[in-house]
1. Name the residues in region 9-23 that are in contact (Cβ under 8 Å) with a residue 40 or more places away in the chain and surrounded by fewer than 10 Cβ atoms within 10 Å (Cβ to Cβ), would you?
2. Select from region 83-105 the residues that are small (Gly, Ala, Ser) and either modelled with pLDDT of 95 or more or within 14 Å of the chain's Cα centre (by Cα) (or both) and list them in ascending order.
3. Using beta carbons and a limit of 7 Å, which pairs, at least six apart or on different chains, have the first residue in region 103-122 and on the phi > 0 side of the Ramachandran plot and the second one at pLDDT 95 or above and surrounded by fewer than 16 Cβ atoms within 10 Å (Cβ to Cβ)?
4. Within the group Lys26, Lys6, which residue is more than 19 Å from Lys87 (Cα to Cα) and touching a residue at least 40 places away in the same chain (Cβ under 8 Å)?
5. Suppose we filter Leu123, Leu95, Leu86 for residues that are surrounded by 12 or more Cβ atoms within 10 Å (Cβ to Cβ) and closer than 23 Å to Pro15 by Cα; which single one remains?
6. Which pairs do you get when a residue that is under 20 Å from Val24 (Cα atoms), found in region 65-84, comes within reach of a residue that is of a type in the set (Asp, Glu), reach meaning Cβ atoms under 7 angstrom, with the pair 6+ apart or on two chains?
7. How do the pairs read when you match residues in region 29-51 that are exposed (fewer than 15 other Cβ atoms within 10 Å of the Cβ) with residues anywhere that are among the aromatic types (Phe, Trp, Tyr), using Cβ under 7 Å and keeping only pairs 6 or more apart or on different chains?
Amino acid sequence: MGDEAKMVRDRLVVPKEQVFADVVGKAEKWFQLDERGNPRLLVEISRFTDRPRVELFLLSRHLAGIGELRENDVATPEEISGFCGLKVKTVHNRLGELKTEGKVESPSRGQYRLVSGRMRDILRDLEGA
């Protein structure tokens, strides 16, 4: 490995564990997960507008999947609506926005999940909410 390659690796490469620890550390300010992977909020949901509510739920579902508390990390608009206290149409609209931005994907019709590589973007959105 050349000197330039070594410099890039030494200065810019962040271990996956460090990134993930940062994500979990920030997420635990907002919610905990029960043994089935359901979120238990530590803040009032009413403090968030509708879009951060959707992001918060999808983040919790994503982390529940990683923690092997749920079989997968997908959610339906109806599940999101029930948790967030939003109309299903509103949830669909927010999911469309997040999908356009590349933060959410739909692996199958009516199923949505957070794009793993965008967790930090979601956290920044939530911190700014």
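1. Within region 9-23, no residue meets the criteria.
2. Restricting attention to region 83-105, the residues satisfying the condition of being small (Gly, Ala, Ser) are 85, 96, 102.
Gly96, Gly102 - these are the residues of region 83-105 that are small (Gly, Ala, Ser) and either modelled with pLDDT of 95 or more or within 14 Å of the chain's Cα centre (by Cα) (or both).
3. Sorted first by the residue in region 103-122, then by its partner, the pairs are Gly110/Thr76.
4. Lys26
5. Numbers: Leu95 fails: closer than 23 Å to Pro15 by Cα; Leu86 fails: closer than 23 Å to Pro15 by Cα.
Only one candidate passes the filter, namely Leu123.
6. Matching pairs, first to second residue: Gly65/Asp73; Leu69/Glu35.
7. Arg40/Phe31; Leu42/Trp30; Leu42/Phe31; Val43/Trp30
Here's the yes/no breakdown for (1) farther than 18 Å from Ser106 by Cβ; (2) in contact with a Pro (Cβ under 8 Å, 6 or more places away or on another chain); (3) not β-branched (Val, Ile, Thr):
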site	(1), (2), (3)
Glu44	yes, no, yes
Ala64	yes, yes, yes
Asn72	no, no, yes
Thr90	no, no, no
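The values are calculated or read from the model by the stated rules, or taken from the named source; none is laboratory data. Everything quoted here is computed from the prediction, not taken from an experiment. Quick reminder, even Gly has a Cβ in these numbers, built from the backbone with ideal geometry, and neighbours come from all protein chains shown.
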